[in-house]
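Data block below; observations after.
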């Protein structure tokens, strides 16, 4: 665990992977007085700290794995008819049915956000199933698109440009400012995809 | 200015937008606690100027004000109110008559308030006694121009509710100090070692210019190209306000209040928070130089 001061009142903590970042973020959320606790792919940012030095000391109380079990479980129904389903089958050297089976067999964990409100980088695909981004991003990806890039899975909460490979779509409401929390997939949420 | 008729009937508690200028948004102290869900903080880029406006009209610091961009804004008030224009200096007119800048001005019901183009700087603030009372979204009335959380940007014909004044206008306040710190202070960033020593020397000694592509998301700079020690994309990590990021072009970006939550390029430094208001007021083409601590 490497801890770097960022600006006047923030710390960036490097951990080994997304699972540890989710774990540290949920641990820190209940114990550290920060304005924002923001996980990344293998970092956690603690921003708006009153006392950076005291926080460093407090962080020694975290052990990897201490907060992991707290994530809620969410099932998301998917129509697997994405424009890139065939391309993913070619990359994975299997049938499109097998792509669906594999994708629906993984328990993903919402690791971090940042691309758009309600978007979550879902961690869980094995390294061998990594897929490259599209060489030419689409100018418009429809909302609810379920997509893959590298070993991440994600669902576009709203229409936007995007270079991820589309494998399906869902009607799940990922972002609603009148809901608490507004995001369906907050960091730590465990996600399973259910074929329609 | 040809007044347009409002979309909804006159309400004694509101004002109507006659001309929104280039970009006028509602801003309060910003939206906090939602960064991990992908929501930028928003809030006024020149926070001291917005605070001053609120003090002048007797508002609490949390009241929402208008933030203009270069070309000002024109509104008509449906009730009498105290108005103060701060931030980028500009002509202020009430029903065509010259009115004071950075002072509380009493405006009668039905009067038109014209905030003219900024003579220097970029963003003027319009504080109105009682504040702009648009419905808060996730605890804030600020418009975020990256993800468009919060109220939309002002458009001609929009009717905005005004809050009830709670304090008295201030007769006197601290003068608006010209923030002319010519060199902006850089604090260490998590990617300080991801540009070369030669690049640090360039950052320390050369002058950059503000790019036309700058906005509330970031102040984009053009000048000496900063070479990275490693061209691989980093894994996404969260960024703080004032992060100085070096994308593959080697042209640094200073991230402002509507910045993306996470990024994949090195953040080599962080701008000292006291120099952020100056970022808000630096125009495209104007120079920027840094003091590396």
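Laboratory data are not the source of any read-out in this text; all were calculated from the coordinates shown. Everything numeric here is computed off the predicted structure, so don't read it as measured data. Cβ coordinates were reconstructed from backbone atoms using ideal geometry, including for glycine residues, and neighbour counts include every protein chain displayed.
Do we find a residue being over 17 Å from the mean Cα position of the chain (by Cα), within 14 Å of chain A (Cβ to nearest Cβ), part of a loop (DSSP other than H, G, I, E, B) and surrounded by fewer than 17 Cβ atoms within 10 Å (Cβ to Cβ) anywhere in segment B:120-136?
Checked against the condition, which is being over 17 Å from the mean Cα position of the chain (by Cα), within 14 Å of chain A (Cβ to nearest Cβ), part of a loop (DSSP other than H, G, I, E, B) and surrounded by fewer than 17 Cβ atoms within 10 Å (Cβ to Cβ), segment B:120-136 yields at least one hit.
From the set of residues in segment B:31-48 that are within 25 Å of residue B:120 (Cα to Cα) and either within 12 Å of another protein chain (Cβ to nearest Cβ) or out of contact with any helix residue (DSSP H, G or I) (no Cβ under 7 Å at 6 or more places or on another chain) (or both), which is surrounded by the fewest Cβ atoms within 10 Å (Cβ to Cβ)? Walk me through it before giving the result.
Taking segment B:31-48 first, the residues within 25 Å of residue B:120 (Cα to Cα) are B:42-48.
After this cut, where a residue has to be either within 12 Å of another protein chain (Cβ to nearest Cβ) or out of contact with any helix residue (DSSP H, G or I) (no Cβ under 7 Å at 6 or more places or on another chain) (or both) as well, the list is B:42-43.
Values: B:42: 28, B:43: 23.
Within segment B:31-48, the match that is surrounded by the fewest Cβ atoms within 10 Å (Cβ to Cβ) is B:43.
Could you tell me which residue of segment B:93-113 is farthest from residue B:78 (Cα to Cα), considering only residues that are in contact (Cβ under 8 Å) with a residue 60 or more places away in the chain and surrounded by 15 or more Cβ atoms within 10 Å (Cβ to Cβ)?
B:102
What is the residue count in segment A:117-144 for residues that are within 18 Å of residue A:168 (Cβ to Cβ) and in a loop (DSSP other than H, G, I, E, B)? Walk me through it before giving the result.
Taking segment A:117-144 first, the residues within 18 Å of residue A:168 (Cβ to Cβ) are A:118-122, A:124-125, A:129, A:131, A:133-134, A:138, A:140-144.
After this cut, where a residue has to be in a loop (DSSP other than H, G, I, E, B) as well, the list is A:118-120, A:124-125, A:133-134, A:142-144.
Summing the residues that are within 18 Å of residue A:168 (Cβ to Cβ) and in a loop (DSSP other than H, G, I, E, B) in segment A:117-144 gives 10.
Determine which member of the set B:47, B:117 is over 12 Å from the mean Cα position of the chain (by Cα) and under 30 Å from residue B:241 (Cβ atoms).
Working: B:47 fails: over 12 Å from the mean Cα position of the chain (by Cα).
Every option except B:117 fails the conditions.
Name the residue, out of A:157, A:161, A:181, that is more than 15 Å from residue A:100 (Cα to Cα) and either in a strand (DSSP E or B) or away from every other protein chain (no Cβ under 12 Å) (or both). Before you say what the answer is, go through the steps one by one.
Numbers: A:157 fails: either in a strand (DSSP E or B) or away from every other protein chain (no Cβ under 12 Å) (or both); A:181 fails: either in a strand (DSSP E or B) or away from every other protein chain (no Cβ under 12 Å) (or both).
It is A:161.
Out of A:6, A:37, I need the residue that is within 8 Å of chain B (Cβ to nearest Cβ) and closer than 30 Å to residue A:106 by Cα. Which one?
Details: A:6 fails: closer than 30 Å to residue A:106 by Cα.
Residue meeting the stated conditions: A:37.
Determine whether residue A:86 is exposed (fewer than 15 other Cβ atoms within 10 Å of the Cβ) and within 24 Å of residue A:154 (Cβ to Cβ).
Values: exposed (fewer than 15 other Cβ atoms within 10 Å of the Cβ): yes; within 24 Å of residue A:154 (Cβ to Cβ): yes.
In short, yes.
Going residue by residue through segment B:73-85, is there one that turns out to be crowded, with 24+ Cβ neighbours inside 10 Å and in a loop (DSSP other than H, G, I, E, B)?
Taking every residue of segment B:73-85 in turn, none turns out to be crowded, with 24+ Cβ neighbours inside 10 Å and in a loop (DSSP other than H, G, I, E, B).
Going by the structure shown, is residue B:116 assigned to a strand (DSSP E or B), in contact with a strand residue (DSSP E or B) (Cβ under 8 Å, 6 or more places away or on another chain) and surrounded by fewer than 21 Cβ atoms within 10 Å (Cβ to Cβ)?
Numbers: assigned to a strand (DSSP E or B): yes; in contact with a strand residue (DSSP E or B) (Cβ under 8 Å, 6 or more places away or on another chain): yes; surrounded by fewer than 21 Cβ atoms within 10 Å (Cβ to Cβ): yes.
Criteria met by residue B:116.
Which ones in segment B:21-34 are over 19 Å from residue B:88 (Cα atoms) and under 19 Å from the mean Cα position of the chain (by Cα)? First the steps, then the outcome.
Initial filter on segment B:21-34 (over 19 Å from residue B:88 (Cα atoms)): B:30-34.
B:30, B:31, B:32 - these are the residues of segment B:21-34 that are over 19 Å from residue B:88 (Cα atoms) and under 19 Å from the mean Cα position of the chain (by Cα).
Considering segment B:229-241 alone, what residues qualify as being surrounded by 21 or more Cβ atoms within 10 Å (Cβ to Cβ) and in a loop (DSSP other than H, G, I, E, B)?
B:236, B:239, B:240, B:241
Would it be correct to say that residue B:54 is more than 14 Å from every other protein chain (Cβ to nearest Cβ), in a loop (DSSP other than H, G, I, E, B) and in contact with a strand residue (DSSP E or B) (Cβ under 9 Å, 6 or more places away or on another chain)?
no
Name the residue, out of B:219, B:276, B:226, that is buried (at least 16 other Cβ atoms within 10 Å of the Cβ), in contact (Cβ under 8 Å) with a residue 24 or more places away in the chain and part of a loop (DSSP other than H, G, I, E, B).
Every option except B:226 fails the conditions.
Every residue, every condition in (1) more than 9 Å from chain B (Cβ to nearest Cβ); (2) surrounded by 15 or more Cβ atoms within 10 Å (Cβ to Cβ); (3) assigned to a strand (DSSP E or B); (4) within 15 Å of the chain's Cα centre (by Cα), yes or no:
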| position | (1), (2), (3), (4) |
| --- | --- |
| A:12 | no, yes, yes, no |
| A:20 | yes, yes, no, yes |
| A:44 | no, yes, yes, yes |
| A:66 | yes, no, no, no |
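Matching residues to (1) farther than 20 Å from residue A:185 by Cβ; (2) touching a residue at least 60 places away in the same chain (Cβ under 8 Å); (3) touching a strand residue (DSSP E or B) at 6+ places or on another chain (Cβ under 8 Å):
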| site | (1), (2), (3) |
| --- | --- |
| A:49 | yes, no, yes |
| A:65 | yes, no, no |
| A:84 | yes, yes, yes |
| A:96 | yes, no, no |
| A:104 | no, yes, yes |
| A:145 | no, yes, yes |
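Collect the residues in segment A:25-34 that are away from chain B (no Cβ under 12 Å) and either in a helix (DSSP H, G or I) or surrounded by 23 or more Cβ atoms within 10 Å (Cβ to Cβ) (or both), keeping them in residue-number order.
A:27, A:30, A:31
Give A:86, A:114, A:188 a once-over and let me know the one that is part of a loop (DSSP other than H, G, I, E, B) and touching a helix residue (DSSP H, G or I) at 6+ places or on another chain (Cβ under 7 Å). Outline the logic, then answer.
Values: A:86 fails: part of a loop (DSSP other than H, G, I, E, B); A:114 fails: touching a helix residue (DSSP H, G or I) at 6+ places or on another chain (Cβ under 7 Å).
None of the others qualify; the one that does is A:188.
For segment B:242-255, state whether one or more residues are surrounded by 18 or more Cβ atoms within 10 Å (Cβ to Cβ) and out of contact with any strand residue (DSSP E or B) (no Cβ under 6 Å at 6 or more places or on another chain).
no
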